[in-house]
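Visitor: Got a structure here, written out as structure tokens. Questions coming.
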Amino acid sequence: MNPTTSKTTKTTTDGAAETTDATLVKGATDEAAGRDEVATEAAGERAAGDTDGPGDGYGSDHSFESAPDEDFDLDLDDDDSGREPSGLGAAAAAVVSAGLGVVGLSGAWSGRVVAERETLMGQMKTASGGSVAQQISEIYGDAWHSTALVNGLFGLLALFVGVFALVRPAFGAPARNPQPGWVRAVATAGIALGVLGVLISVAMYFDLIVALPTAGSAAG
């Protein structure tokens, strides 16, 4: 074997090995640098995403500025659509009806005021003279009839309010529970008092119960 040729071959082999090792080291270095660059870019993108909005899974493409400004917090306590009627109106109407019925029977201050007014006007009309029958009619009869009229109006109002209290549950939204018994009882009492007051007032107005005094009975 030629010694010169063998040395040259060894030299060439060592040089190729050194070149291969340098290439591998350079490739590993470039790969590591590439990974570092990718990690740096990902960290920068995450930082940019945190500054754009809340970190709840939405990126910069899902901006909350485009979301409609709506309040989805529903307060179920303010929703009266399914609430049953309380029945307070019917109960109040029943009590008012009974009160008006009592006033229609016993009389009200407004009736006395009207009666006194009619009495004063009758005295003014008969001050210059007049027959006894005219004085009775103007001074006493008109006041009597005015009082009966006012009381009859109170009785009629009691009748209407009592009927409203009884028929109110038939209108509007149906209630799960029936109307309390005391409400129906008070409303019925108000209707009865109203009817009785109207009948008595009509009888008094047309002099069916107690007739006006006449001139002959007054002279006797």
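Visitor: Just subtract the alpha-carbon distance of Gln134 and Phe206 from 0.36 nm times their residue separation and send over the number in nm, one decimal. Intermediate values should be presented prior to the final figure.
Guide: Working: separation 72, 0.36 × 72 = 25.92 nm, distance 1.74 nm.
Residue separation times 0.36 nm, minus the Cα-Cα distance, leaves 24.2 nm.
Visitor: Here's a follow-up. How large is Rg over Rh for segment 87-219, taking Rg from the Cα atoms and Rh as the Kirkwood inverse mean of 1/r across Cα pairs?
Guide: 1.21
Visitor: Summing +1 for each Lys or Arg and -1 for each Asp or Glu, what net charge is found among the other residues whose Cβ lies under 15 Å from the Cβ of Ser137?
Guide: -3
Visitor: Residues of segment 85-174: accessible area per residue at 1.4 Å, in Å²?
Guide: Here the per-residue accessible area is 57 Å².
Visitor: How large, in percent, is the carbon and sulfur part of the accessible surface of segment 83-131 at a probe radius of 1.4 Å?
Guide: 65
Visitor: Ok, one more. Pulled fully out, how much extra length does the chain show between Leu196 and Thr214, if you take 0.36 nm times their separation in residues and subtract their Cα-Cα distance?
Guide: 3.7 nm
Visitor: Apply the Karplus parameterisation 6.51 cos²θ - 1.76 cosθ + 1.60, with θ equal to phi minus 60°, to every residue of segment 177-192 and state each ³J(HN,Hα) to the nearest whole Hz, in sequence, with x for glycine and proline.
Guide: Couplings: 9, x, 5, x, x, 5, 5, 5, 5, 5, 5, 5, 5, x, 5, 5 Hz.
The values are calculated or read from the model by the stated rules, or taken from the named source; none is laboratory data. Bear in mind the structure is a predicted one, so any value in this text is a computation, not a measurement. In this analysis, Cβ positions are derived from the backbone assuming ideal geometry, glycine residues included, and neighbour counts consider all displayed protein chains. The area values use the complete protein model at the heavy-atom level, side chains included, leaving out ligands, DNA and RNA. Shrake-Rupley method; radii C 1.70, N 1.55, O 1.52, S 1.80 Å.
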